[in-house]
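Engineer: Here's a structure for you.
The values are calculated or read from the model by the stated rules, or taken from the named source; none is laboratory data. What you see is a predicted model; the values in this text were computed from it and never measured. For the accessible areas, the whole protein counts, side chains as well, though only heavy atoms, and no ligand, DNA or RNA atoms are used. Shrake-Rupley method; radii C 1.70, N 1.55, O 1.52, S 1.80 Å.
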Amino acid sequence: MKLLKWILIIVGVIAVLFFFVLEPYMREQTKKHSPLKEVVYESDDFHLKVNYSSPLKKGRQIFGELVPFGAIWRTGANEPTTFFTETGIRMADKSLPPGTYSLWTRPNKESWDIIFNKDIPDWGVTVMSGGKETARKPEEDVIEITVPVERLEKTMENFTIDFEDNGELFMFMAWDNTKVKIPVNN
């Protein structure tokens, strides 16, 4: 019985060390390779903000390999990407109420599905899956839209999310030789 008690104490100490020391250290280390970015778009009609981690290509084949086609992606690295809108807007042809959402994608060869979700998990993937499964809760999806893929002539080394306003507003995501644009309207 004493041995079992000592084993439980040791397991408890290891768990405390992991959650309060190792886990924050590991998160800090991953952000050195995929730095946090914040993008803000403001106009009379919009106040939008995106927070995401921006991984590098580093010579890897991105879409179809590192990020498999047809699988949900946390859209960046580390914590899930978040999207904030101060007012109700339309993303493509779907209404999105004011609020903060986690942003998930399902990249495919010719199109991407863009998913806005009410739940914002602590980390973008599950530890138990070794990072292969996202922490997204599908029942919390608010909208899902599909947009076509554009091929880039110049390779984008960093995963990038930003806004383009050429008389029409788009939020875009680009990495490697792939770009997708989501129309934003009020």
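Engineer: Can you pull the accessible area of V50 for me, 1.4 Å probe, Å² to the nearest 10?
Structural biologist: For V50, the solvent-accessible surface is approximately 0 Å².
Engineer: Name the long-range amide H neighbours of D119: under 5 Å, sequence gap of 5 or more, or other chain; modelled H, no Pro or chain starts.
Structural biologist: HN-HN under 5 Å from D119: S102.
Engineer: In addition: 5 Å is the cut-off here: which amide hydrogens, built 1.01 Å from N in the peptide plane, fall below it relative to T146, excluding neighbours closer than 5 in sequence?
Structural biologist: So T146 has HN proximity to I114.
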